[in-house]
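To start, the structure under review is shown below, and the notes come after it.
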Amino acid sequence: MTDEVPANLPANSYPSPNLRGITFAGYVTTVVHQPETHKLRRLYASVLSCCTLACCAIMLTGFGAPLGTVITGQTMGTSYRIVLAESEDAATLASIQADVDQALNQLEDQMSTWRPDSELSRFNVSTSTDWFPVSSDTAFVVSEAKKIWKLSDGAFDPTVAPLIKLWHFAEEPGEQTLPSDADIERAIAAIGFDEIDVRLDPPSLLKKRPEIQLNLSAIAKGYAVDIISELLTRRLSNDQLSTAHLVEIGGEMRGRGRKSDGSSWTAGIETPDALPRQIHTALRLDDQSLATSGDYRNYFEVDGQRYSHTIDPATGRPVTHSLTSVSVLAKDCLTADALATAIEVLGPERGMKLAEQQNVAIYQILRSGSGFDVQASPSFPLVVTAKPPAGSAPEANPVVATVLAVVGIFALAIAGMAVGVIFSNRAIKGSCGGLANMPGHDGKSICEVCTVPAEECRDEAMRKIRQDAECSNTGFEV
């Protein structure tokens, strides 16, 4: 599990003028990733400050369908991004963002562990073992967390904060030391989701031991995505506008409807460990939610041994299995968010079994020597798997190769007949979470349309793969 970080960020304001009323011709790609510390955010945001439109320029011109507008802001110690399928005027966007910010601020007042006066903070410091009144939102999230806790045999445990702190993952990076067996046993004794009761009417929480505390950061962002998606649907419908949109908060996302040209929202899953960041695979997001959990951004090493921030509540120690990243596709983002954390704790075999039991699709990336292997549910809606980095295990697929060849020929034919302006070297913002969404020194996101560096985009093979994966409107399903 990953603790949220203090939201010591500038107050929300209306997006910069270059976002007002912009019509985006083309496609939005979202890169899923793991949360990181403030120092790493600042480092990557400044070093990886730009990307080009080279790999998608012809396709954008050829199809030329307007995509809509983007609203961005800060919440829960990270960033949020909303993409509307249709372009709206500045006054409408400002009003929508005001509603969004109000809803997100209310959720932080309820479930933040960094706001001392939030409902959750006040519950955590309370020594009472009586029912503690909370909002219906907080009670609902805790009740849903209880369900995932039971389904995962305790792998998902929102009371695990003492272990996170013991292993130094609740503090800024520094000299790391390993806790003793006795310290681990004491921390295990201080956790236990079975020590928390919840009721929905009247909404209340109860702790059986005064020292038990809750941290909902592994499920609250997913719930926030659902809340904002529902808010947008109501608001846009009342205004008689298109309700199609994509919402992303800290890498967790939900898509509703389709883009104005009828194509699906497209999301990308990043390659573990890759710097600069690379897209490992892409998928279509049709009225579904996506959340990813991984161990490759937040870890430390002692004597050559790697210790992940993913702590198994049963052992009190970081997990040691080969699963380095899991992406979960579900109808609601709360479920996807919580299950991603649970599966990252359980490991690939038990995680896949849980996914099958819950009828959700997952995409697992496993460490294998110097590269990676993949285990995915048959129903996971992949668009294409990108060329793996050097040293990775091969993932050749003749069906994919054939479809890509057909897509490439079709795309070239359409591009040759297209009439329009080729938007080369013009930044068009994509929907990227967290790190990729943090502005650099020039105020731009590190993700504009693609996160692969320009020199790789110019490579013919990679250009075709990314063009088909992120910019295709052919309707081919891979």
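How much length is gained on full extension from Ala103 to Lys165, taking 0.36 nm per residue of separation minus their Cα-Cα distance? Net length gain for the segment: 19.3 nm. For the stretch 119-218, the dipole from Cβ point charges (+1 on Lys and Arg, -1 on Asp and Glu) about the Cα centre works out to 320 debye, to the nearest 20.
Between Ser379 and Arg235, the contour length at 0.36 nm per residue exceeds the alpha carbon distance by 48.6 nm. When the alpha carbon gyration tensor of the stretch 230-290 is reduced to an equivalent ellipsoid, its three semi-axes come out at 27, 12, 8 angstrom, largest first.
Anything over 19 Å Cα to Cα? Flag those among Lys165/Lys353; Lys147/Lys331; Lys165/Lys208; Lys147/Lys221; Lys146/Lys208, in the order listed. Table pairs above 19 Å Cα-Cα are Lys165/Lys353; Lys165/Lys208.
Please give the FRET efficiency for Ala314 paired with Asp273, using the beta carbon to beta carbon distance and R0 = 35 Å, rounded to the nearest 0.05.
It comes to 0.85.
At 37 °C and 0.692 mPa s, grab the translational diffusion coefficient of the stretch 119-218 from Stokes-Einstein with a Kirkwood Rh over Cα pairs, rounded to a whole number in µm² per second. Translational diffusion coefficient: 228 µm²/s. On the beta carbon distance between Arg306 and Gln358, with R0 = 30 Å, the FRET formula returns roughly 0.55.
Rg over Rh for the stretch 183-326 works out to 1.07, both radii taken from alpha-carbon positions and Rh defined as the Kirkwood radius.
Taking θ as phi - 60° and the Karplus parameters 6.51, -1.76 and 1.60, the scalar couplings of the stretch 139-147 work out to 4, 5, 4, 5, 5, 5, 4, 4, 4 Hz in sequence order, x denoting glycine and proline.
Subtracting the Cα-Cα distance of Ala91 and Phe140 from their residue separation scaled by 0.36 nm leaves 14.3 nm. Across the stretch 175-216, the residues whose backbone nitrogen lies under 15 Å from the label position 7 Å along the beta-carbon direction of Thr129 are 194-197, 206-213.
Every number in this text was worked out from the coordinates using simple rules, so none of it is lab data. The model shown is predicted, which means the values in this text are computed figures rather than measured ones. Don't worry about glycine lacking a Cβ; one is built from the backbone with ideal geometry, like all the others, and counts go over all protein chains shown.
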